[in-house]
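The values are calculated or read from the model by the stated rules, or taken from the named source; none is laboratory data. Given the structure is predicted, the values throughout are model-derived calculations rather than measurements. Reconstructed Cβ throughout: ideal geometry from the backbone, glycine too, with neighbour counts over all protein chains shown.
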Amino acid sequence: KQEVTQIPAALSVPEGENLVLNCSFTDSAIYNLQWFRQDPGKGLTSLLLIQSSQREQTSGRLNASLDKSSGRSTLYIAASQPGDSATYLCAALASGGSYIPTFGRGTSLIVHP
Amino acid sequence: DAGVTQSPTHLIKTRGQQVTLRCSPKSGHDTVSWYQQALGQGPQFIFQYYEEEERQRGNFPDRFSGHQFPNYSSELNVNALLLGDSALYLCASSRLHSYNEQFFGPGTRLTVL
């Protein structure tokens, strides 16, 4: 059974810092890994999707990497801003035709001015 | 493109009642997945519909059932509500044979009293 762990659970940083959010998964047989942002009480917004054959994806100040062999993905946020405050979730999508995603519990990020 | 829409936004029910939640997928998407998200947790996969059939199911009891219509919209039904069913219910749509990137709706907040 796939298990996804996100570290740290919570993070509070001053504006301008570069951040690293970690996501680890126990079963490397994944189809893709997707990072999401969730504001309190809201739905999930897709940030980046990395296919199993890819190593990284970039969008603006965000960069996500994937190392299947070690069961890890990392989300880098450059030059953090107060508007980045949210919970960040990763989801590993199982391969082999099941396409069932397993989510981590998320990292709650606060960026203060 | 309106993206994924869900209705209602909020719902209050009492134990033992039945509830129906609705979801319209993003234009061009053929697959709808439903998730339950308890406070402070990651989303838990309930089931997925494709071509009006339930493709995959997570570890949820038969009280949870669903339906997908020819226009790809979907319903989630929960019978005999329990206090523990109180959660944010999320719908996500994707294209089954196109990287399976998931796009989420805003969710329905269900409170069971």
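What the table shows:
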quantity: Yes/no for B:Tyr35 being within 12 Å of B:Ala87 (Cβ to Cβ), among the hydroxyl-bearing types (Ser, Thr, Tyr) and surrounded by 14 or more Cβ atoms within 10 Å (Cβ to Cβ); calculated: yes
quantity: Selection count where residues are under 11 Å from the mean Cα position of the chain (by Cα), surrounded by fewer than 19 Cβ atoms within 10 Å (Cβ to Cβ) and within 10 Å of chain B (Cβ to nearest Cβ), scope region A:10-41; calculated: 0
quantity: Residue within region A:42-53 that is more than 10 Å from chain B (Cβ to nearest Cβ) and in a loop (DSSP other than H, G, I, E, B) present; calculated: yes
quantity: Which numbered condition B:Phe103 fails, given (1) within 10 Å of chain A (Cβ to nearest Cβ); (2) surrounded by fewer than 21 Cβ atoms within 10 Å (Cβ to Cβ); (3) touching a Leu at 6+ places or on another chain (Cβ under 8 Å); (4) in contact (Cβ under 8 Å) with a residue 60 or more places away in the chain; calculated: (3)
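Here's the yes/no breakdown for (1) within 16 Å of B:Gly58 (Cβ to Cβ); (2) modelled with pLDDT under 95; (3) in contact with a helix residue (DSSP H, G or I) (Cβ under 9 Å, 6 or more places away or on another chain); (4) within 14 Å of chain B (Cβ to nearest Cβ):
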site: A:Tyr76; (1), (2), (3), (4): no, no, no, no
site: A:Ala79; (1), (2), (3), (4): no, no, no, no
site: A:Pro82; (1), (2), (3), (4): no, no, no, no
site: A:Ser85; (1), (2), (3), (4): no, no, no, no
site: A:Leu89; (1), (2), (3), (4): no, no, no, yes
site: A:Ala92; (1), (2), (3), (4): yes, yes, no, yes
site: A:Ser98; (1), (2), (3), (4): yes, yes, no, yes
site: A:Pro101; (1), (2), (3), (4): yes, yes, no, yes
site: A:Ile110; (1), (2), (3), (4): no, no, yes, no
